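Encoded as structure tokens, the structure appears first; notes follow it.
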Amino acid sequence: MRQVSTPAERPLHRLFLWLAPLLYIAFALLTPPFQTPDEHQHLFRAWQLADGTLFAERRGAEVGGVVPGGLGKAAQAEIGSLAPHASHVRPLPERSWTSHRSTQAEAEAPRFTNFLGSAIYPPAGYLPQIVAVGAGRLTGASVETIIRTGRVLNALLAAMLIAMAIRLTPWGATGLFWIGLLPTTSAASATFGQDGLVIGGSCLLLALGLRMALARSWSVSSAALLGLVASFVTLAKFVYLPLAMVAGAPRVAGQWRWRGLGGALFVAAVAVLPAILWLTATAEIAVPPRPDLPPAGTRLLALFEAPGSLPQLLFNTFFAHGDKLWHSAFMFGWLNIGPVLAAEVLSLLALAAVLAGGAPASAGQTLDPWLRLWVAAMAVGVAVAVSLALYVYWTPLGATRIHGLQGRYFVPPAAALLLAVLPARGVLPRARAYVPLLLVGANITVLVTIAATFYRV
């Protein structure tokens, strides 16, 4: 009888490098321009950075910069509004690109444009987009071409980061494979924003952190690489800082290793420094996305003055309304396409196959209960940090749950939690062989849904 090859028996990262770029690029090319959350905002910010302007400009309640008017015209034609984070901004199913499809990006005079949603983001998460804008300006490319080029470059870099994580992790490569081929990750990696690089960087940070946690001693080069990746992730998304602490598990393999915890604290401190410097530098131009809400400090103080309010908010958000949060991970476009139930089912079956298959035997490492608990705690820490950020910036006082949360925000902590619970020995090791097939099927169902939404004959 022919033996079925499992991921444990072949280089899993190579399989990922075959599948992920194809799926990511399919999302990048199939989804029309500006049909992902805040993509117009990210285009404006990337253009500003490519123009050599590091910091945005504040004009009253608006924060943005001077960019070609053709960019705003193209976005307006597609989504009907340039308002940042406005609830009425939704994609139009009918394609009407004649106004800008072949228009050069710089065809209209520059003008100040408000892009509050991305104006204070640092340049670290926009490197592929900056390259795309620079190349587009040199060649006189259309807005559409610039967006699609940036998407493809973003997709390729995100796939490389996750492949590196799968290759380097001493534990749970199949779990990271599942995270990397979730339709949520594929869609996020195929936009003009920075979510794909953040997810890829977070996976790599987890892989490096586990290697450091299981190592008997830290080398300077390993610590430097961990600090570099942690700096990138925290600079792009400060709330993911706890992931840098995975390397600092104080107890591993039955032994207390306080030196590792001290080293991880030092790495985390170094990693957070660029983020603090950037937040300080942009403090004067920062404008809350919802000016109708009280200041952030006031809201946090009110939250902690009532000790029971935070647990209640978290319970309502993740348990009472957890199904909505899960479904949002399978909603696409401006979160008005889906949820794609077939993709949900196939992704859950793939997750079941990952758990049933257990960690590949060839990994050569196991996680003791203390390390599992530590990694799970870091995952919970990230989830709470994300929730607090959205509470401060989006949630009205008196709300029974936290507003503004989306499933894609929780992909990095989900990766950490999956690594923490993955069994060393699966009840059905051969189930791992079906994980790629199930995930490819999940991605295809989403791609078909997107095509059916936007391309009508």
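Each value in this text was obtained by applying a stated rule to the coordinates, not by laboratory testing. Just so we're clear, the structure is a prediction, and the values are computed from it rather than from any experiment. Heads up, the Cβs are rebuilt from the backbone with ideal geometry, glycines too, and the neighbour counts pull from every protein chain shown.
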How much space per residue, in cubic angstrom, does the convex hull of the C-alpha atoms of the range 180-242 take up? 86
Beta carbons within 10 angstrom, averaged per residue: use that to sort the peptides 204-214, 27-37, 241-251, highest first. 204-214, 241-251, 27-37
Farthest positive-ward along the range 314-437 dipole, Cα basis, beta-carbon charges - from 319, 359, 390: 359
Convex hull volume per residue for the range 336-399, taking Cα atoms only, in Å³: 164
Peptides 437-443, 299-305, 54-60, 147-153: what's the order by average Cβ count within 10 Å, highest mean first? 147-153, 437-443, 54-60, 299-305
What is the distance in Å between the Cα centres of the range 155-197 and the range 326-357? 16
Using Cα pairs under 8 angstrom and six or more residues apart, how large is the relative contact order of the chain, in percent? 20
Quick one: 3J(HN,Hα) in Hz for the range 23-32, Karplus 6.51/-1.76/1.60 with θ = phi - 60°, rounded, Gly and Pro as x. 5, 4, 5, 4, 4, 4, 8, 7, 6, x
Assuming 0.36 nm per residue, please report the length gained on full extension of the stretch residue 62 to residue 430 beyond their Cα-Cα distance. 126.9 nm
Within the range 264-286, whose backbone N sits under 20 Å from a point 7 Å along Cα→Cβ of residue 365? 264-268
